Amino acid sequence: MGGLILILPVLAFEVWLLATTGKKQCKIWRQARVWPRLAGAVLIGLALGVWLAFFVQYKWGSGVRVIGFPVPVRFFHLEDGRWVDYLPPEAMQWAGWAANFLMGLVAPFIPFKAAEFLRSVKAEL
């Protein structure tokens, strides 16, 4: 259950970003009646969420491969020339898939959060 040290902060960040910037930006787009932007952000977020949760694979070294980003959900390690699959406990997998999918949903709103931060810094100067 040590993986929760990684999963819980990622989930908290994603929920916070959706609840603040995501909600605010969706409200702005709804009031301006810019439906294509809202639909585009949702479709990009859904596609990115599925891709991050189930299709992203990368290497951690010459002998370890993982699936899932930013939270690894499946691990493969090289043993005697063969790749052996290691699955964490099922609850950890579900939490990892949820975190990875939510990261895809959050990704379209990250530039808006950065712009909001820069506006607040500029206002303080």
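Would you check which residues across segment 11-32 are farther than 11 Å from Val106 by Cα, in a helix (DSSP H, G or I) and among the hydrophobic types (A, V, I, L, M, F, W, C) and list them?
Residues satisfying the conditions are Ala12, Cys26, Ile28, Trp29.
I'd like to verify a number: residues in segment 50-67 that are assigned to a helix (DSSP H, G or I) and of a type in the set (Phe, Trp, Tyr), how many? Lay out the reasoning, then the answer.
So the first thing to find is which residues in segment 50-67 are assigned to a helix (DSSP H, G or I), and the list is 50-54.
Adding the requirement that they be of a type in the set (Phe, Trp, Tyr) leaves 51, 54.
Count: 2.
Looking for something modelled with pLDDT of 90 or more and under 18 Å from Leu4 (Cβ atoms) - is there at least one such residue anywhere in segment 106-123?
The answer is no; no qualifying residue exists.
Looking at Val84 and the list (1) among the aliphatic types (A, V, I, L, M); (2) modelled with pLDDT of 90 or more; (3) closer than 27 Å to Gln25 by Cβ, which single condition is not satisfied?
All conditions are met except number (3).
Any residue in segment 29-37 that is modelled with pLDDT of 90 or more, surrounded by 11 or more Cβ atoms within 10 Å (Cβ to Cβ) and under 16 Å from the mean Cα position of the chain (by Cα)?
No, every residue in segment 29-37 fails to be modelled with pLDDT of 90 or more, surrounded by 11 or more Cβ atoms within 10 Å (Cβ to Cβ) and under 16 Å from the mean Cα position of the chain (by Cα).
Give the residue, chosen from Ala47, Ala41, that is part of a helix (DSSP H, G or I), loosely packed, with under 12 Cβ neighbours inside 10 Å and modelled with pLDDT of 90 or more.
So the residue among Ala47, Ala41 that is part of a helix (DSSP H, G or I), loosely packed, with under 12 Cβ neighbours inside 10 Å and modelled with pLDDT of 90 or more is Ala47.
Of these, Arg82, Arg65, which one is closer than 22 Å to Gly3 by Cβ and among the basic types (Lys, Arg)?
Exactly one residue qualifies, and that residue is Arg65.
Out of everything in segment 50-92 that is out of contact with any Leu (no Cβ under 8 Å at 6 or more places or on another chain) and among the charged types (D, E, K, R), what residue ends up being surrounded by the most Cβ atoms within 10 Å (Cβ to Cβ)?
Selected residue: Arg65.
The values are calculated or read from the model by the stated rules, or taken from the named source; none is laboratory data. Small disclaimer: the values here were computed from a predicted structure and weren't measured. When we count neighbours, we look across all protein chains shown, and the Cβ atoms used for this are built from the backbone with ideal geometry, even at glycine.
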